[in-house]
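Peer 1: First, the structure itself, so that you have it in front of you.
The values are calculated or read from the model by the stated rules, or taken from the named source; none is laboratory data. The structure displayed is predicted, hence computed values, not measured ones. Every residue, glycine among them, receives a Cβ derived from its backbone with ideal geometry; neighbour counts consider all protein chains shown. Ligands, DNA and RNA are excluded from the accessible area calculation, which covers all protein heavy atoms including side chains. Shrake-Rupley method; radii C 1.70, N 1.55, O 1.52, S 1.80 Å.
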Amino acid sequence: SNILSAGFQYFNTRDHQSVYTGKNVRDGAQIMSGAGTLIADEWLTYLHNYGVYVQDNFGILNRYYLDLGLRMDYNTAFGDNVGWQAYPKIGLSYILSDEPLMRSITDRGWITQAKVFANYGVAGTYPPAFAYQKTIAISSFQGNQAGTFGHVGNPDLGPEKKHSYEVGIVASLLRNVI
């Protein structure tokens, strides 16, 4: 058997926040008008993520299976030197209960089905928006505006990749009771 699937994904996040703080507001006031000190701040972040994937599952004799996949992602949070990122996966499985030598055990119901498998894959998380850019943070100092260093910038900033391994046995026992 052969099952091929492919697709694409796009998502974006946009976060616009405004913060207003009032100090020395009279007791019982429900608005900040008349506060002794008003402080306001605002920020906007956005990300765009593009992804495509292809996966193929090959089956031989309805017993042995090979699963191959590749996902490619691009995110606007990646640095200028970082392009599309690859996330491969591979899986092997074997239906042990379909072997002729297991027939006497499966016919008696001791084991209804048993599958042995092993998988490997890579996944990634993207960095925060604008973290790859050199930025300046503006704050107040002694009543005036002051500039400080924000992000140091990194044109090679890419995703944090995680490698995942899995090995196991899945079984139904005692006529699917367990």
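Peer 1: Tell me the chymotrypsin sites (Phe, Trp or Tyr not before Pro) within the stretch 63-94 that lie in a loop according to DSSP and have at most 16 other beta-carbon atoms within 10 Å.
Peer 2: Passing sites in the stretch 63-94 are 84.
Peer 1: Let me ask something additional. May I ask you to list the lysines whose Cα is less than 20 Å away from that of residue 162, ignoring any residue fewer than eight positions away on the same chain?
Peer 2: List returned: 89.
Peer 1: Separate question: State the answer as a single residue: which of 111, 78, 90 lies farthest towards the positive end of the charge dipole of the stretch 1-116, with beta carbon charges of +1 for Lys and Arg and -1 for Asp and Glu, about the Cα centre.
Peer 2: 111
Peer 1: Here's a follow-up. Please report the carbon-and-sulfur percent of the accessible area for the stretch 20-178; probe 1.4 Å, protein heavy atoms only, DNA, RNA and ligands left out.
Peer 2: In the stretch 20-178, the share of accessible area belonging to carbon and sulfur is 57 percent.
Peer 1: Just want to confirm a number: the relative contact order over the chain, from Cα pairs under 8 angstrom separated by 6+ residues, in percent.
Peer 2: Reported as a whole number, the value is 19 percent.
Peer 1: Using Cα pairs closer than 8 Å and at least 6 residues apart in sequence, work out the relative contact order for the stretch 79-178, in percent.
Peer 2: The value is 36 percent.
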